[in-house]
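Asker: Right, I'll just put the structure down here and ask away after.
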Amino acid sequence: MNINERRDILVTCGPGLKDYLVGELEDLGFEVVSSQVGSVVTRGSFVDCMKLNICLRTAYNVLYLLRQFRCGSTEALYKQAGQIAWEKIISPDEHVCVLSKVDTWTVDNSMYPNMKVKDAIVDRISRKVGARPDSGKDRGGVVVNLFWKRDKAWIYLNTSGAKLSDRNYRKMPGKAPLRESLAAGIIMATGYDGSGNLVLPMCGSGTLAIEAAMIAECRGAGSLRSNFGFQHVKVFDEEVWQDIRREFRKKIRRGAVKKRIIATDIDERAIAAARQNAMTAGVEHLIDFSVCDFAETIVPEGGGILVMNPEYGQRLGEIAELEGVYRRMGEFMKRKCAGYTGYIFSGNKELSVKIGLKASRRMVFFNGNIECRLLKYELYAGSR
Ligand SMILES: C[S@@+](CC[C@H](N)C(=O)[O-])C[C@H]1O[C@@H](n2cnc3c(N)ncnc32)[C@H](O)[C@@H]1O
């Protein structure tokens, strides 16, 4: 495999984040060939994949196309998968994980095709080099993705390995934390760039604050990770990788956060976790953390952006209790946040109505499989 050969790259993401991912790819100078819910197709080399892994904030996985073919049976799948020169990609000392997404009438679940691709890989390596790699569910080594839709199949090398939303800074997750890629999408939707005030009551484990600081300072989302799928393939070149890392470090805009980010939570343990996570991410010096009820958060003069991610409850009792919280959030924004643009991220429409202010925009996101809204409020003095 030539690391400079341009091929299709499929970048996957959470539902609701596709448009942000398209924006990120375009900003990086990548052409967008096509996009659909949960993924974007671009083109580039294996080296480009390494770059994408370090900088993409809203992506899950960067997949480099190895082979696409017509496929009408699991026998054909085994044969076609076995045409790939796996012995040039995977060493027998490595561990291989195959992930499959199958939507075809030929089989009714993805387990069997998954096993067929795994067999094709290990059988070919065994035939060519006399030893076979281990395989299983662990995504810490080489990861291969199969997509089989009707009579078409694609086999990709997953250059990310574990999802890129696992940035490696959140050692302490706290209660109902947002996935890092979703938090980045929310911050992107607010347009925050570090120049103005950013106030984050109910910050929990600090994901929004940390992602905001990383976005403003142009810190690579993957810069804290020590393990990517691409590091486990035979063509991986440590020197090229270190050059990419050095280039990205040069792009960090220290000083871009002009006003310190304010992050508060009523739970002492959440603030301790947030502080620890921010320290791991290297952005703790940009954030003022404190423990208080959201309504006691100090909101600096001069306007800015305010984002709150309240709980949205599962059970009836919880929801009834939260009604008062949502009502108070509306009061807080109205009384204390004039001049700000307020955002509330919630997965409960009925509760959101209790805020009692008119949203100027509603942006749809998904937290896991819960459809959520990022509600935007222009908080002019005396708004209702
Ligand atoms: C859904 S979690 C936020 C998760 C956060 N976005 C993250 O990624 O970790 C809601 C947070 O609101 C906090 N909270 C609940 N009631 C509060 C109140 N009255 N004042 C301040 N914080 C509150 C909880 O302690 C919890 O950390």
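The values are calculated or read from the model by the stated rules, or taken from the named source; none is laboratory data. Fair warning: this is a prediction, and the values are worked out from it, not measured in the lab. Cβ atoms come from the backbone with ideal geometry, glycine included; neighbour counts cover every protein chain shown. Note: accessible area is taken over every heavy atom of the protein model, side chains too, but ligands, DNA and RNA are not part of it. Shrake-Rupley method; radii C 1.70, N 1.55, O 1.52, S 1.80 Å.
Asker: What number of residues in the stretch 235-256 are under 15 Å from V47 (Cβ atoms) and out of contact with any Cys (no Cβ under 8 Å at 6 or more places or on another chain)?
Answerer: 13
Asker: So L157 ticks every box in (1) touching a strand residue (DSSP E or B) at 6+ places or on another chain (Cβ under 6 Å); (2) more than 30 Å from Y78 (Cβ to Cβ); (3) more than 15 Å from the ligand (Cβ to nearest atom) but one. Which box is left unticked?
Answerer: Among (1) touching a strand residue (DSSP E or B) at 6+ places or on another chain (Cβ under 6 Å); (2) more than 30 Å from Y78 (Cβ to Cβ); (3) more than 15 Å from the ligand (Cβ to nearest atom), L157 violates only (2).
Asker: Of the residues that sit in the stretch 60-82 and are among the aliphatic types (A, V, I, L, M) and closer than 16 Å to D8 by Cα, which one is surrounded by the most Cβ atoms within 10 Å (Cβ to Cβ)?
Answerer: Among residues in the stretch 60-82 that are among the aliphatic types (A, V, I, L, M) and closer than 16 Å to D8 by Cα, the one surrounded by the most Cβ atoms within 10 Å (Cβ to Cβ) is V62.
Asker: Do we find that K101 is in a helix (DSSP H, G or I) and surrounded by fewer than 21 Cβ atoms within 10 Å (Cβ to Cβ) in this structure?
Answerer: It is false that K101 is in a helix (DSSP H, G or I) and surrounded by fewer than 21 Cβ atoms within 10 Å (Cβ to Cβ).
Asker: Give all pairs with beta carbons closer than 8 Å in which a residue from the stretch 315-326 that is of a type in the set (F, W, Y) meets a residue that is away from the ligand (no atom under 11 Å from the Cβ) and modelled with pLDDT of 90 or more; count only pairs at least 6 apart in sequence or on separate chains.
Answerer: Y326/L351; Y326/S352; Y326/K354; Y326/I355
Asker: When you scan the stretch 222-229, do you find a residue that is among the hydrophobic types (A, V, I, L, M, F, W, C) and farther than 17 Å from L56 by Cβ, even just one? Quick ask: steps written out before the conclusion?
Answerer: From the stretch 222-229, those among the hydrophobic types (A, V, I, L, M, F, W, C) are 224, 228; that's our starting set.
Narrowing the set further to residues that are farther than 17 Å from L56 by Cβ leaves none.
Looking through the stretch 222-229, none of the residues is among the hydrophobic types (A, V, I, L, M, F, W, C) and farther than 17 Å from L56 by Cβ.
Asker: Which of the helices (runs of 4 or more DSSP H) found entirely inside the stretch 178-291 contain at least 1 residues meeting this: closer than 22 Å to G304 by Cβ, of a type outside the set (F, W, Y) and away from the ligand (no atom under 12 Å from the Cβ)?
Answerer: 180-190, 207-216, 268-281
Asker: Name the residues in the stretch 162-177 that are away from the ligand (no atom under 16 Å from the Cβ) and either within 15 Å of I9 (Cβ to Cβ) or surrounded by 24 or more Cβ atoms within 10 Å (Cβ to Cβ) (or both), would you?
Answerer: Listed by number, the list holds a single entry, L164.
Asker: Look at G255 and say whether it is out of contact with any Leu (no Cβ under 6 Å at 6 or more places or on another chain), at positive phi, at pLDDT below 95 and surrounded by fewer than 16 Cβ atoms within 10 Å (Cβ to Cβ).
Answerer: Taking the combined requirement at face value, the residue does not satisfy it.
Asker: Residues in the stretch 315-373 that are assigned to a strand (DSSP E or B), open to solvent by 40 Å² or more (accessible area, probe 1.4 Å) and more than 14 Å from the ligand (Cβ to nearest atom): how many?
Answerer: 6
Asker: List the number of the failed condition for C203; all other conditions in (1) without any contact (Cβ under 8 Å) to a residue 60 or more places away in the chain; (2) touching a helix residue (DSSP H, G or I) at 6+ places or on another chain (Cβ under 6 Å) hold.
Answerer: (1)
Asker: Can you find a residue that is more than 10 Å from the ligand (Cβ to nearest atom) and in contact (Cβ under 8 Å) with a residue 40 or more places away in the chain anywhere in the stretch 293-301? If you could, list the steps in order and put the result at the bottom.
Answerer: Let us first name the residues in the stretch 293-301 that are more than 10 Å from the ligand (Cβ to nearest atom), namely 298-301.
Cutting the leftovers down to in contact (Cβ under 8 Å) with a residue 40 or more places away in the chain gives us 299-300.
So far as the stretch 293-301 goes, yes, one or more of its residues are more than 10 Å from the ligand (Cβ to nearest atom) and in contact (Cβ under 8 Å) with a residue 40 or more places away in the chain.
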